[in-house]
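Peer 1: One structure is given below, represented as structure tokens, and several questions about it will come after.
The values are calculated or read from the model by the stated rules, or taken from the named source; none is laboratory data. Everything numeric in this text was worked out from a predicted model, so none of it was measured. Cβ atoms come from the backbone with ideal geometry, glycine included; neighbour counts cover every protein chain shown. Each accessible area value is taken on the protein alone, full model and side chains, heavy atoms only, with ligands, DNA and RNA left out. Shrake-Rupley method; radii C 1.70, N 1.55, O 1.52, S 1.80 Å.
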Amino acid sequence: MAASVQGSAWGPLRLGIPGLCCRRPPLGLYARVRRLPGPEVSGRSVAAASGPGTWGTDHYCLELLRKRDYEGYLCSLLLPAESRSSVFALRAFNVELAQVKDSVSEKTIGLMRIQFWKKTVEDIYCDKPPHQPVAIELWKAVKRHNLTKRWLMKIIDEREKNLDDKAYRNIKELENYAENTQSSLLYLTLEILGIKDVHADHAASHIGKAQGIVTCLRATPYHGSRRKVLLPMDICMLHGVSQEDFLRRNRDKNVRDVIYDIASQAHLHLKHARSFHKSVPVKAFPAFLQTVSLEDFLKKIRRVDFDIFHPSLQQKNTLLPLYLYMQSWRKIY
């Protein structure tokens with residue numbers, strides 16, 4: 001397969017889960033999952049959510065995350081107990097913003113919802129959170145950990161820019177989007193863990209970019225079903241691939257070369273993040289557990305020769321909880 005400038009640095013892929021240790025770890029993650037609440041939670045108000053006989057605002061966030069960001073939910077379970085509820089609130093906030101684009105039929109309505117969250121963050125820092133479950137839990141997290149307002153606003157602003165659902169002009173634009181959303185989320189997670197370290201911040205930046213790129217790739221079949229293609233146009237043009245090729249689910253070599261180049265960028269960011277491994281405080285490693293699911297996807301897409309429409313890419317990895325636990329147990333990212 002041809003490798004462009006973007007993909008030439010892929011080299012020998014260092015993907016997949018490292019060999020399991022001979023000692024058998026306790027399956028604590030599975031035990032935690034079984035103990036967590038299971039009922040569906042609707043979009044009711046905090047008053048209903050915290051009423052007698054129902055789940056409170058913390059469980060609302062947990063359930064929202066479990067249903068809408070399952071991988072983030074699993075990663076959050078492995079954080080220290082004193083940080084877990086705050087990270088659930090933070091990730092639930094991210095889910096609320098992420099689903100605005102897909103839950104509205106008109107951009108104007110989306111802008112109104114984004115504006116609600118902008119005002120909500122302002123009110124949270126004035127100790128006046130609105131009567132909404134995620135807002136209340138986020139307010140608690142801000143108070144408990146003195147979270148930086150700038151990162152929360154960056155996530156909101158970037159989600160607002162992205163409401164147009166336009167293709168990224170180049171890979172740099174996609175990386176900027178990922179930095180302002182996924183990396184900002186990681187910076188806040190590090191704050192919740194009480195970590196202030198420049199090496200941890202550098203690792204978070206690269207992992208967030210890898211996460212954004214992988215998310216864009218994984219969503220390609222879904223976007224195609226809605227007659228949208230968001231992949232970077234510069235890489236598509238480099239290989240002579242049009243948006244129509246993706247809408248028709250074309251699987252020829254040029255289309256796979258586009259996916260190869262984009263996936264290579266995600267792999268490079270993971271590689272850069274790991275280059276700080278010896279300098280990053282061990283206490284920060286739980287914040288970076290999402291590298292397990294990122295590697296899992298990159299491993300699978302390489303196995304199917306970068307066919308983004310291959311059915312196996314849409315299947316959940318049932319062993320992911322175990323892999324996450326092993327990564328956490330071995331103190332690596």
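Peer 1: Is there a residue being farther than 26 Å from residue 165 by Cβ, assigned to a helix (DSSP H, G or I), modelled with pLDDT of 95 or more and hydrophobic (A, V, I, L, M, F, W, C) anywhere in segment 21-38? Step through it out loud before you land on a result.
Peer 2: Step one: filter segment 21-38 for residues farther than 26 Å from residue 165 by Cβ, giving 21-38.
Filter again for assigned to a helix (DSSP H, G or I), leaving 28-35.
Subset that is modelled with pLDDT of 95 or more: none.
Checked segment 21-38: no residue is farther than 26 Å from residue 165 by Cβ, assigned to a helix (DSSP H, G or I), modelled with pLDDT of 95 or more and hydrophobic (A, V, I, L, M, F, W, C).
Peer 1: Can you tell me which residue among 264, 279, 293 is among the polar types (S, T, N, Q), in a loop (DSSP other than H, G, I, E, B) and modelled with pLDDT of 95 or more? Write out each step before concluding.
Peer 2: Details: 264 fails: in a loop (DSSP other than H, G, I, E, B); 293 fails: in a loop (DSSP other than H, G, I, E, B).
Within the list 264, 279, 293, the selection yields 279.
Peer 1: Checking residue 127 against (1) farther than 30 Å from residue 235 by Cα; (2) outside any loop (DSSP other than H, G, I, E, B); (3) of a type in the set (Asp, Glu), which test does it fail?
Peer 2: Status for residue 127: all satisfied but (2).
Peer 1: Quick one: in segment 313-333, which of the residues that are open to solvent by 30 Å² or more (accessible area, probe 1.4 Å) and part of a helix (DSSP H, G or I) is nearest to residue 225 (Cα to Cα)?
Peer 2: Of all residues in segment 313-333, those open to solvent by 30 Å² or more (accessible area, probe 1.4 Å) come to 314-319, 322-323, 325, 328-332.
Filter again for part of a helix (DSSP H, G or I), leaving 314, 322-323, 325, 328-329.
Details: 314: 14, 322: 32, 323: 31, 325: 35, 328: 36, 329: 40 Å.
If we take residues in segment 313-333 being open to solvent by 30 Å² or more (accessible area, probe 1.4 Å) and part of a helix (DSSP H, G or I), then 314 is nearest to residue 225 (Cα to Cα).
For every residue, the table says whether it meets (1) at negative phi; (2) of a type in the set (A, V, I, L, M); (3) touching a strand residue (DSSP E or B) at 6+ places or on another chain (Cβ under 8 Å).
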residue: 233; (1), (2), (3): yes, yes, no
residue: 236; (1), (2), (3): yes, no, no
residue: 255; (1), (2), (3): yes, yes, no
residue: 271; (1), (2), (3): yes, no, no
residue: 312; (1), (2), (3): yes, no, no
residue: 331; (1), (2), (3): no, no, no
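Peer 1: Moving on to the next point. Residue check, residue 215 against (1) within 25 Å of residue 80 (Cα to Cα); (2) open to solvent by 10 Å² or more (accessible area, probe 1.4 Å); (3) of a type in the set (Val, Ile, Thr); (4) within 15 Å of the chain's Cα centre (by Cα), all met but one. Which one?
Peer 2: Result: residue 215 fails condition (1) only.
Peer 1: Can you work out which of the residues in segment 266-285 that are buried (at least 22 other Cβ atoms within 10 Å of the Cβ) and out of contact with any Ser or Thr (no Cβ under 8 Å at 6 or more places or on another chain) is nearest to residue 215 (Cα to Cα)?
Peer 2: The extreme case among them is 266.
For every residue, the table says whether it meets (1) modelled with pLDDT of 95 or more; (2) touching a Cys at 6+ places or on another chain (Cβ under 6 Å); (3) of a type in the set (A, V, I, L, M); (4) farther than 16 Å from residue 185 by Cα.
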| position | (1), (2), (3), (4) |
| --- | --- |
| 92 | yes, yes, yes, no |
| 106 | no, no, no, yes |
| 119 | yes, no, no, yes |
| 136 | yes, no, yes, yes |
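Peer 1: Which members of segment 270-300 meet the condition of being closer than 16 Å to residue 260 by Cα and in contact with an Asp or Glu (Cβ under 8 Å, 6 or more places away or on another chain)?
Peer 2: 270
Peer 1: A further question follows. Taking into account only those residues within segment 133-187 that are acidic (Asp, Glu) and within 27 Å of residue 285 (Cβ to Cβ), which is farthest from the chain's Cα centre (by Cα)? Lay out the reasoning, then the answer.
Peer 2: Pass one, segment 133-187, residues acidic (Asp, Glu): 137, 157-158, 160, 164-165, 173, 175, 179.
When the remaining residues are screened for being within 27 Å of residue 285 (Cβ to Cβ), the result is 137, 158, 175, 179.
Details: 137: 20, 158: 14, 175: 13, 179: 11 Å.
So, considering only residues that are acidic (Asp, Glu) and within 27 Å of residue 285 (Cβ to Cβ), the one farthest from the chain's Cα centre (by Cα) is 137.
So that you can scan it fast, the table gives a plain yes or no per residue for (1) more than 28 Å from residue 77 (Cβ to Cβ); (2) surrounded by 14 or more Cβ atoms within 10 Å (Cβ to Cβ); (3) in contact with a Phe, Trp or Tyr (Cβ under 6 Å, 6 or more places away or on another chain):
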residue: 95; (1), (2), (3): no, yes, no
residue: 102; (1), (2), (3): no, no, no
residue: 115; (1), (2), (3): yes, no, no
residue: 123; (1), (2), (3): yes, yes, no
residue: 127; (1), (2), (3): yes, no, no
residue: 135; (1), (2), (3): no, yes, no
residue: 146; (1), (2), (3): no, no, no
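Peer 1: Turning to a different aspect of this structure: If I ask for residues that are modelled with pLDDT of 95 or more, surrounded by fewer than 24 Cβ atoms within 10 Å (Cβ to Cβ) and of a type outside the set (A, V, I, L, M, F, W, C), which ones from segment 225-235 would you list?
Peer 2: Listed by number, the list holds a single entry, 234.
Peer 1: Still on this model: Give segment 80-124 a look and list any residue that's under 16 Å from the mean Cα position of the chain (by Cα) and either outside any helix (DSSP H, G or I) or of a type in the set (A, V, I, L, M, F, W, C) (or both), or say none.
Peer 2: Hits for segment 80-124 are 87, 88, 89, 90, 92, 93, 95, 97, 98, 99, 100.
Peer 1: What are the residue pairs meeting all of these: first residue in segment 185-203, first residue without any contact (Cβ under 8 Å) to a residue 60 or more places away in the chain, second residue assigned to a loop (DSSP other than H, G, I, E, B) and buried (at least 21 other Cβ atoms within 10 Å of the Cβ), Cβ atoms under 7 Å, and 6 or more apart or on different chains?
Peer 2: Once the first residue is without any contact (Cβ under 8 Å) to a residue 60 or more places away in the chain and sits in segment 185-203, its partners that are assigned to a loop (DSSP other than H, G, I, E, B) and buried (at least 21 other Cβ atoms within 10 Å of the Cβ) give 191/147.
Peer 1: Please work out if residue 140 is open to solvent by 30 Å² or more (accessible area, probe 1.4 Å), on the phi < 0 side of the Ramachandran plot and in contact with a Pro (Cβ under 9 Å, 6 or more places away or on another chain). Talk me through it step by step, then tell me what you get.
Peer 2: Details: open to solvent by 30 Å² or more (accessible area, probe 1.4 Å): yes; on the phi < 0 side of the Ramachandran plot: yes; in contact with a Pro (Cβ under 9 Å, 6 or more places away or on another chain): yes.
Against the criterion (open to solvent by 30 Å² or more (accessible area, probe 1.4 Å), on the phi < 0 side of the Ramachandran plot and in contact with a Pro (Cβ under 9 Å, 6 or more places away or on another chain)), residue 140 qualifies.
Peer 1: Just the residues that are in contact with a Ser or Thr (Cβ under 8 Å, 6 or more places away or on another chain) and open to solvent by less than 10 Å² (accessible area, probe 1.4 Å), please, taken from segment 236-258. Please lay out each step first, then the result.
Peer 2: The first filter runs over segment 236-258 and keeps only residues in contact with a Ser or Thr (Cβ under 8 Å, 6 or more places away or on another chain), leaving 236, 238-239, 246, 257.
Those that are in contact with a Ser or Thr (Cβ under 8 Å, 6 or more places away or on another chain) and open to solvent by less than 10 Å² (accessible area, probe 1.4 Å): 246, 257.
Peer 1: Among the residues of segment 250-274, which ones are of a type in the set (S, T, N, Q) and within 21 Å of the chain's Cα centre (by Cα)?
Peer 2: Of segment 250-274, the ones of a type in the set (S, T, N, Q) are 250, 254, 264-265.
Of everything in segment 250-274, those that are of a type in the set (S, T, N, Q) and within 21 Å of the chain's Cα centre (by Cα) turn out to be 264, 265.
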